[in-house]
1. Within the range 123-152, which residues are more than 14 Å from Ser64 (Cβ to Cβ) and buried (at least 24 other Cβ atoms within 10 Å of the Cβ)?
2. Take the range 160-210 and flag every residue that is farther than 17 Å from Ser95 by Cβ and among the small types (Gly, Ala, Ser).
3. May I ask you to say which residue of Ala21, Ala9 is touching a Phe, Trp or Tyr at 6+ places or on another chain (Cβ under 6 Å), in a helix (DSSP H, G or I), more than 16 Å from Pro104 (Cα to Cα) and not charged (D, E, K, R)?
4. Kindly indicate the residue of the range 88-107 that is free of Cβ contacts under 8 Å to residues at least 12 places away in the same chain and either in a helix (DSSP H, G or I) or closer than 9 Å to Cys171 by Cβ (or both) and also nearest to the chain's Cα centre (by Cα) among those meeting that condition.
5. Checking the condition over 19 Å from Ile17 (Cβ atoms) and modelled with pLDDT under 95, which residue from Pro168, Pro163 passes?
6. Read through the list (1) farther than 19 Å from Tyr46 by Cα; (2) not basic (Lys, Arg); (3) not in a helix (DSSP H, G or I), then give the number of the only condition that Leu176 fails.
7. Here is a check on your reading of the model: is Ala62 assigned to a helix (DSSP H, G or I), among the small types (Gly, Ala, Ser), more than 19 Å from the chain's Cα centre (by Cα) and closer than 21 Å to Arg190 by Cβ?
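The values are calculated or read from the model by the stated rules, or taken from the named source; none is laboratory data. On a predicted model such as this, the values are computed, not experimentally measured, just so you know. Glycine gets a Cβ as well: all are built from the backbone with ideal geometry, and neighbour counts include every protein chain shown.
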Amino acid sequence: MWIAALATAIGMWGLVISVSAIVATYIARLAPERSFYPTIASEALYGLISLLLIHLTGGVGAYSVLSGAPPYKLGLAASISLPLSLLMSSLAYRSGYYEPPHLPKGMTERVILLLLIAPMGEEMLFRGLLEGYLLLSLGANLTSLVVAISLPAALFAAIHYVPYREAPPRCLRWVLTTALIAGLVAGFFRVYADSLLPAVLIHSCFNLGGMVASRRRSVHLGSL
């Protein structure tokens, strides 16, 4: 059961990532001057394809992806994740500044992508589909919970390698470590609240911390 469940989860991850990448590549060829479009399409497809797979493997009710969360749990999630993100993002940028070329240059587009679209799309995939599937398939014992949280977090960190592969090595390590920790925190709160909302909020907070750290570094460099 364990092997089948893990293989299925990894297979669904590969399917969503592959289809999204193919569509994004096609859009990039159609509109090479609009680098924002492929990224938006990819993130949106993460969510849409994941929702389809959720529907086929149990339904949104069983996965709790549309469930609400108590305000105090959302507040706790934000109060933990935002300071942690600011700390780790600052350490990452001190190890060497790097900005992925796919990020939009305009602040409005960047906010829409990093604080809204990416958190919703990616969390629907990693904490909604993958973690939800593992929670349903493996049971509720401690070992199962650890695996259900850890595997999606590791896969979440893995996808950050591609956009940051040209970053300075120390910066890349910090980025991957930060993504892994963000995935673990989001995964824990997805279980704790039995809802996807805290995970989306945590993802947004980590992205916000990265944006703030990047802005601080840009201001610092500009003043030199």
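1. The initial filter retains those residues of the range 123-152 that are more than 14 Å from Ser64 (Cβ to Cβ), namely 125-126, 137-139, 141-147, 149-152.
Passing the criteria: Leu125, Phe126, Pro152.
2. Across the range 160-210, the qualifying residues are Ala182, Gly183, Ala186, Gly187, Ala193, Ser195, Ala199, Ser204.
3. Ala9
4. Within the range 88-107, the match that is nearest to the chain's Cα centre (by Cα) is Met107.
5. Values: Pro163 fails: over 19 Å from Ile17 (Cβ atoms).
Within the list Pro168, Pro163, the selection yields Pro168.
6. Condition not satisfied by Leu176: (3).
7. Yes, satisfied.
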